[in-house]
1. Taking the Cα of residue 200, stepping 7 Å toward and past its beta carbon, and measuring to each backbone N in segment 148-182: which are under 15 Å?
2. Test of understanding: ordering 217, 119 by Cβ neighbours within 10 Å, fewest first, what list do you get?
3. If you average the sequence gap of Cα pairs under 8 Å that are 6 or more apart and divide by the length of the chain, what percent do you get for the contact order?
4. If each of residue 348 and residue 247 carries a label point 7 Å out from its Cα toward its Cβ, how far apart are those two points in nm?
5. If I take R0 = 45 Å and measure r between the Cβ atoms of residue 168 and residue 139 in this structure, what FRET efficiency does the formula 1/(1 + (r/R0)^6) give, to the nearest 0.05?
6. Shape verdict for segment 296-385, please, from the Cα gyration tensor: rounded (a/c under 1.5), prolate (a/b greater than b/c) or oblate.
7. Which whole-angstrom value gives the distance between the alpha carbon centres of segment 135-182 and segment 196-229?
8. Based on DSSP H runs of at least 4 residues, each adding -39500 (n - 2.57), what is the mean residue ellipticity at 222 nm of the chain after dividing by all its residues, to the nearest 500 deg cm²/dmol?
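Every number here is computed from the coordinates shown, using simple stated rules; none is lab data. From a predicted model like this one, the values you see are computed outputs, not experimental measurements. Cβ atoms come from the backbone with ideal geometry, glycine included; neighbour counts cover every protein chain shown.
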């Protein structure tokens, strides 16, 4: 069951009070061993030791669990690797210590899966030149530090099409963790899809200022529901916002994983219109193979639905067939490279055309995006830039 238990929240709260760094769980002096370790090799072949560092619990029902599924995929499909992970690692000194601990323990490929791990990874990579580091969603690279992410704006856009057709109040609520470009891209691309099919609809944004805080995520959803929003979109790491939407008799749109699959009842699963999902496993396998065969080089990977790293989950039976057909038509255009959610014209909240018709926002501008499109209600705090 992907929903978090009350006991997990209590444990995380206790750890927060005890930890001197303000982390969600007590810091471990050595890398956390995987609960399902691989069988030791019976041959003389030396396995590639691969470590994953998560900002949340490995079973959070969202972002970190999606990466954990990717780790397990790698472990199951490459007999020449030995993998492990550390979970609930805060973005700061404890993260840097964790990366350094793994490097000292002989791990030659280390994945850091949260944006705030960037500086800790830069520092650890500088002092461990024989170790390959891979940072999800970052932009700083070096000879042994690469970056990777996916074009989540593509399934964001498609889910916006669904929301635009399913809303009755024309008010959509979006729960965001932070106001960094990664998150702003989600809202803008979703809103582009929403208003393509429903120009009267709006998106109201609230921030939790945390990647993983189920209580705050649920409360944020409640505040949006109280404002008349009848669809809640999650941009955070747990399914809590969708749970609140269901309890209020409204719809939700999930993130990171197919969140409908983790719901308690068929009725609750049906309330999840779809989810924007990650498929990290094949990419992790590809990276590990490149390290094994000596072809790995530092760079920036940013794949889309055509690569399979991102997708839209199965659409709820609550959505009419004509809507599903339209979404599939638009999806095919994206797969064929004939459309992106950042094709112009794109107009900001002030009514200014930022991306003109016939143009497409560059990757560099997307990576630094700090403005909302027309139809979004909410500001972008300067602290998020």
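1. Only 164-172 fall inside the zone, counting backbone N under 15 Å.
2. In order of increasing Cβ crowding within 10 Å: 119, 217.
3. 16 percent
4. 3.8 nm
5. 0.65
6. Taking the square roots of the gyration eigenvalues as a ≥ b ≥ c, segment 296-385 is oblate.
7. 15 Å
8. After summing the helix terms and dividing by the residues of the chain, the value is -11000 deg cm²/dmol.
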